[in-house]
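Student: Mind looking over this structure? Questions follow.
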2 protein chains.
Amino acid sequence: MRQNELLKSYEQTTQQLAGHGPRNVAVLKNAFESIDGKVNSDKYGQGSVIEDFQKQMADFLGKEAAVFFPSGTMAQQIALRIWCDEKDLKKVAYHPLSHLEIHEEDGLKELHGIQSILLATEDRVIELEDVTSMSEDVACVLLELPQREIGGQLPSFETLEAISRYCREKEIKLHLDGARILECLPYYEKTIKEICGLFDSVYLSMYKGIGGIAGAILAGDQDFIAQSKIWKKRHGGDLISLYPYILSADAYFAQRKNRMGDYYMQAKELALYFNSCKGIFTVPKVPVTNMFHVHFDKTPEQVSPILAQAQEIMNLGVTGYLRKEKQGCSFEVSIGDQYNKIPQPKVKVLFEWLGEKMETLK
Amino acid sequence: MRQNELLKSYEQTTQQLAGHGPRNVAVLKNAFESIDGKVNSDKYGQGSVIEDFQKQMADFLGKEAAVFFPSGTMAQQIALRIWCDEKDLKKVAYHPLSHLEIHEEDGLKELHGIQSILLATEDRVIELEDVTSMSEDVACVLLELPQREIGGQLPSFETLEAISRYCREKEIKLHLDGARILECLPYYEKTIKEICGLFDSVYLSMYKGIGGIAGAILAGDQDFIAQSKIWKKRHGGDLISLYPYILSADAYFAQRKNRMGDYYMQAKELALYFNSCKGIFTVPKVPVTNMFHVHFDKTPEQVSPILAQAQEIMNLGVTGYLRKEKQGCSFEVSIGDQYNKIPQPKVKVLFEWLGEKMETLK
């Protein structure tokens, strides 16, 4: 019940700390407002709407070619399948909390018969030693940057370089789960091409930091992309028309691709506020992207009413849910366009109030 | 070269015999014009936008439940997979020109390991005897109504009933590839529920007769649909937002679902015109839906310039392509909203002119 009240109070706020704003039909209508009705649909992967955007994204990522997919789930399973077929070895390695392992109903195993080797432990990112100490050969290593399920943590750029070098030596393909890769650039102080250059194939989401409606880009060399188009058809992803996703992705990519530095700075600022409250801490303590997880050392039943009350009183959304943890509870923050619209004094008052209320919990 | 001229001349016409009109961004903009920007997105298969439409379609088709898929390719592979798993037998039977056999890069085999038994021959529909004389047991028989690749032909309703009865006796599931099933109702003089009642699972396209942007409905019993949602996630089809397809499907379904009788009458009329020209015949001779194939007994090189010239002179689109056949060539016609907008005298003049030109070919 408490959780429903929390969601209800969150949905009634018109200002929120995280995100770009409501995921409603206005996202589509705004993107299409300036697009002429006479623009032709793409058709089964052909036509300038899809081909131009794929070219733009390939150039941006520094890869030979790119293909637009309806989802990252589809794009990544296919990338791994292609690398497995090339090596004739149906084994890949990734983090235990990879999207493929926990959010896809085992599609990789059920549809492709690919076995996963889990690297590192659930509470930390993959380091070089995790890769070099694998006991089995694999066709591909997948790195997720940032590692979303642990608050968006990152290995160092030197670690990425070392893993990339090692994989090339050992003829293991390296795939980037870069759903949120743009969000990592300000911390790494590297260009997108410098990051992508370390990987054989790259996936980028169109609706996370970019804030489009849905969709994903998969990029790599010409032969890889040609094969991925065949698998896209097999998966049922070669829709007659993907333009609702492509044209909105194009619009919001143009609008937000250069805002990641701001989101990152704001995430660090907001994390400081949370960490200033008794019984609240963020993971990572100092964010390295626009995202982090907020942990409370008290139960959801204790924390929910406080947050719901804060949201109601201040018309300022903090979260709509709390996830129960072994100790306490947590929720995720990804900074988008909304944070900067809130007057600073209001944020300050929120956290003063929240800090006081947390003090009262036993 | 000739083929490109044909396409170019077709694209420059502002009136066309077939279809609903250009597949351009206006299709989306028109559908969303009256939809409030505040309507919330669906989210990974949840939310009233997707749930209400699925309920509406389940009720319409007379099935317990329905799920919205991004594509029919995905929906049908999944339907067959579920029936195969239930019987623990990875064999299904369908027509040699089924979409699954010729347009999906063997997704059914490559992703699901399902073997296909081909029923009937390429030039005719599946009859009861084709099903009863199968030499192997199968988990599911798929019937495509109408059989698109042979001009949209149909078996009799009595044949459907007999196949359905036989399959139930033999514990073989019967799946309807009903991409264009609404288009069959006027000929059968049956309700959609009477047709769907013969099948265990039903697929309906959102962009063929209905003219939406993309998407498909899969319907069946509760347990079947629950399983299909798991497979939808595995395939990468459980997008965060499918509303661009759902809301447009909803709008065009409401607009066109009762026009299928008109399209059917108009198809019969238009086929008569084609059949009145020397060296031209339609398959079927008398259409049983809104569609048919137009065959010429001359080569594409001979026919293209005539059609291109007709299209240029009359600003009336006939076709943008010709498919080479063993003898002569062909193209497909599906009647939609456009045919009725052309003044009858103009159609008459077109075919008088076309008939005369065809006479001159050797």
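The values are calculated or read from the model by the stated rules, or taken from the named source; none is laboratory data. Just so it is clear, the structure is predicted and the values come from calculations on it, not from any experiment. FYI the Cβ positions are ideal-geometry reconstructions off the backbone, even for glycines, and counts take in every protein chain you see. Note: accessible area is taken over every heavy atom of the protein model, side chains too, but ligands, DNA and RNA are not part of it. Shrake-Rupley method; radii C 1.70, N 1.55, O 1.52, S 1.80 Å.
Student: Roughly how many Å is it from the Cα centre of the stretch A:266-298 to that of the stretch A:139-191, as a whole number?
Tutor: So the separation of the two Cα centres works out to 23 Å.
Student: Using the Karplus equation 6.51 cos²θ - 1.76 cosθ + 1.60 (θ = phi - 60°), what ³J(HN,Hα) coupling, rounded to whole Hz, does each residue of the stretch A:333-350 give in order, writing x for Gly and Pro?
Tutor: Whole-Hz 3J(HN,Hα) from phi for the stretch A:333-350: 10, 10, 6, x, 5, 6, 4, 5, 7, 8, x, 3, x, 5, 4, 4, 4, 3.
Student: While we're looking at this one, here's another question. For A:SER135, A:SER116, give the ranking by accessible area with the largest first, probe 1.4 Å.
Tutor: A:SER135, A:SER116
Student: In Å², rounded to the nearest 100, what is the total accessible surface buried by chains B and A against each other with a 1.4 Å probe?
Tutor: Buried area (both sides, nearest 100 Å²): 3900 Å².
Student: Which value, in debye to the nearest 20, gives the size of the charge dipole of the protein assembly as shown about its Cα centre, when Lys and Arg are +1 and Asp and Glu are -1 at the Cβ?
Tutor: Using Cβ point charges on Lys, Arg, Asp and Glu, the protein assembly as shown gives about 1480 debye.
Student: Something else about it: How large is ³J(HN,Hα), in whole Hz, for each residue of the stretch B:356-361 in order, when computed from phi with the Karplus curve 6.51 cos²θ - 1.76 cosθ + 1.60 and θ = phi - 60°, using x for Gly and Pro?
Tutor: 5, 5, 5, 4, 7, 7
Student: I would also like to ask the following. Determine the principal axes of the Cα atoms in chain A, then give the extent along each, sorted from largest to smallest and rounded to whole angstroms.
Tutor: Projected onto the principal axes, the Cα atoms of chain A cover 60, 57, 38 Å.
Student: Considering the convex hull of the alpha carbon atoms of the stretch B:83-132, report its projected area averaged over all viewing directions, in nm², one decimal.
Tutor: In nm², the orientation-averaged hull projection of the stretch B:83-132 is 3.8.
Student: May I pose another question? Taking every DSSP beta bridge with both residues inside the stretch A:56-182, roughly what % is antiparallel (nearest 5)?
Tutor: Here the antiparallel bridges make up roughly 10 percent for the stretch A:56-182.
Student: With +1 on each Lys and Arg Cβ and -1 on each Asp and Glu Cβ, and nothing else charged, work out how big the dipole of the stretch B:275-345 is about its Cα centre, in Debye to the nearest 20.
Tutor: So the dipole magnitude of the stretch B:275-345 works out to roughly 180 debye.
Student: Per residue of the stretch B:129-144, in order, report the coupling 6.51 cos²θ - 1.76 cosθ + 1.60 (Karplus, θ = phi - 60°) as ³J(HN,Hα) in whole Hz, putting x for Gly and Pro.
Tutor: Once θ is set to phi - 60°, the couplings for the stretch B:129-144 become 4, 5, 7, 6, 9, 4, 7, 10, 6, 9, 7, 7, 10, 10, 10, 9 Hz.
Student: Going toward the positive end of the dipole of chain B, with +1 on Lys and Arg Cβ and -1 on Asp and Glu Cβ, which of B:GLN147, B:ILE240, B:PHE274 do you reach last?
Tutor: Going by the charge dipole, the pick is B:PHE274.
Student: Note down the relative contact order for chain B as a percent, whole number, built from C-alpha pairs under 8 angstrom at least six residues apart.
Tutor: With pairs under 8 Å counted, the relative contact order is 26 percent.
Student: Pull out the extension gain between B:ASN315 and B:PHE157, defined as 0.36 nm times the separation in residues minus the alpha carbon to alpha carbon distance; nm, one decimal.
Tutor: 52.9 nm
Student: Using r as the Cβ-Cβ distance of B:GLN46 and A:GLU352, and R0 as 51 Å, what FRET efficiency do you calculate, to the nearest 0.05? Walk me through the numbers on the way to the answer.
Tutor: Details: r = 36 Å, r/R0 = 0.71.
In this case the efficiency is close to 0.90.
Student: Among A:TYR187, A:ALA120, A:GLN54, pick out the residue whose Cα is farthest towards the positive end of the charge dipole of the stretch A:42-240, where Lys and Arg carry +1 and Asp and Glu carry -1 on C-beta, about the Cα centre.
Tutor: Farthest towards the positive pole: A:GLN54.
Student: Considering Cα pairs under 8 angstrom that are at least six residues apart, work out the relative contact order of the stretch A:42-240 and quote it in whole percent. Could the numbers behind the result be given before it?
Tutor: Numbers: 351 pairs, mean separation 59.4, N = 199.
Taking the mean separation of contacting Cα pairs over the length of the stretch A:42-240, I get 30 percent.
Student: Using modelled amide H (1.01 Å from N, peptide plane; none on Pro or chain starts), what sits under 5 Å from the amide H of A:ALA179, excluding residues fewer than 5 places away?
Tutor: A:LEU145, A:SER205
Student: Right, something else. In the structure shown, do any of B:LYS268/B:LYS346; A:LYS55/B:LYS8; B:LYS173/B:LYS324; A:LYS285/A:LYS348; B:LYS268/B:LYS326 have a Cα-Cα gap over 28 Å, and if so which?
Tutor: In this structure, B:LYS173/B:LYS324 exceed 28 Å between Cα atoms.
Student: Report, ordered by chain and residue number, the aspartates and glutamates lying within cross-link reach of A:LYS87, taken as a straight Cα distance under 16 Å and ignoring same-chain residues fewer than 8 apart.
Tutor: A:GLU136, A:ASP137, A:GLU169, A:GLU171, A:ASP200, A:ASP223
Student: Right, here's the next one. Please give the FRET efficiency for A:ASP85 paired with B:ASP297, using the beta carbon to beta carbon distance and R0 = 51 Å, rounded to the nearest 0.05.
Tutor: Once rounded, the FRET efficiency stands at 0.70.
Student: Given a 1.4 Å probe, show me the residues in the stretch A:238-283 buried by at least 20 Å² of accessible surface when comparing the whole protein assembly to the chain alone.
Tutor: A:LEU239, A:ILE240, A:SER241, A:TYR243, A:PRO244, A:TYR245
Student: In addition: Would you compute, from DSSP H runs of 4+ residues alone, the mean residue ellipticity of chain A at 222 nm, taking -39500 (n - 2.57) per run and dividing by the full residue count, rounded to the nearest 500?
Tutor: Result for chain A: -13500 deg cm²/dmol, rounded to the nearest 500.
Student: How many partner chain Cβ atoms sit within 10 Å of a residue's Cβ in peptide B:32-43, on average, as a whole number?
Tutor: Whole-number average of other-chain Cβ neighbours for B:32-43 is 4.
Student: Which value, in Å² and to the nearest 10, is the accessible area of B:LYS257 when all protein chains are kept and the probe is 1.4 Å?
Tutor: Around 70 Å² of this residue is reachable by solvent.
Student: Determine the relative contact order of the stretch B:169-296: mean sequence separation of Cα pairs under 8 Å and six or more apart, normalised by residue count, in whole percent.
Tutor: Once divided by the residue count of the stretch B:169-296, the mean separation gives 22 percent.
Student: Now a separate question. Work out the length of the dipole vector of the stretch A:137-255 about its Cα centre, built from +1 on the beta-carbon of each Lys and Arg and -1 on the beta-carbon of each Asp and Glu, and round it to the nearest 20 debye.
Tutor: Working: 13 positive and 16 negative charges, 75 e Å.
Dipole about the Cα centre, nearest 20: 360 debye.
Student: Name the long-range amide H neighbours of B:THR289: under 5 Å, sequence gap of 5 or more, or other chain; modelled H, no Pro or chain starts.
Tutor: Under 5 Å from the amide H of B:THR289 lies no amide H from a residue far enough along the sequence or on another chain.
Student: Suppose the chain between A:GLU129 and A:SER34 were pulled fully straight at 0.36 nm per residue; how much longer would it get relative to their current alpha carbon spacing?
Tutor: Working it through step by step, the gained length comes to 29.1 nm.
Student: Given the options B:PHE68, B:LEU108, B:LEU97, identify the residue whose Cα lies farthest towards the positive end of the charge dipole of the stretch B:64-139 (+1 on Cβ of Lys, Arg; -1 on Cβ of Asp, Glu).
Tutor: Result: B:PHE68.
Student: Please list A:HIS235, B:HIS20 from largest to smallest accessible area, probe radius 1.4 Å, with all protein chains kept in place.
Tutor: Details: A:HIS235 0, B:HIS20 50 Å².
Heavy-atom accessible area, descending, gives B:HIS20, A:HIS235.
Student: Could you quickly flag the chain B residue whose beta carbon comes closest to the rotation axis taking B to A, and that distance in whole angstrom?
Tutor: Per the B/A rotation axis, the closest residue of B reads B:PRO244, 2.
Student: Remind me, what semi-axes does the protein assembly as shown give for its equivalent ellipsoid, largest first in whole Å, using sqrt of 5 times each Cα gyration tensor eigenvalue?
Tutor: Semi-axis lengths for the protein assembly as shown are 50, 28, 27 Å.
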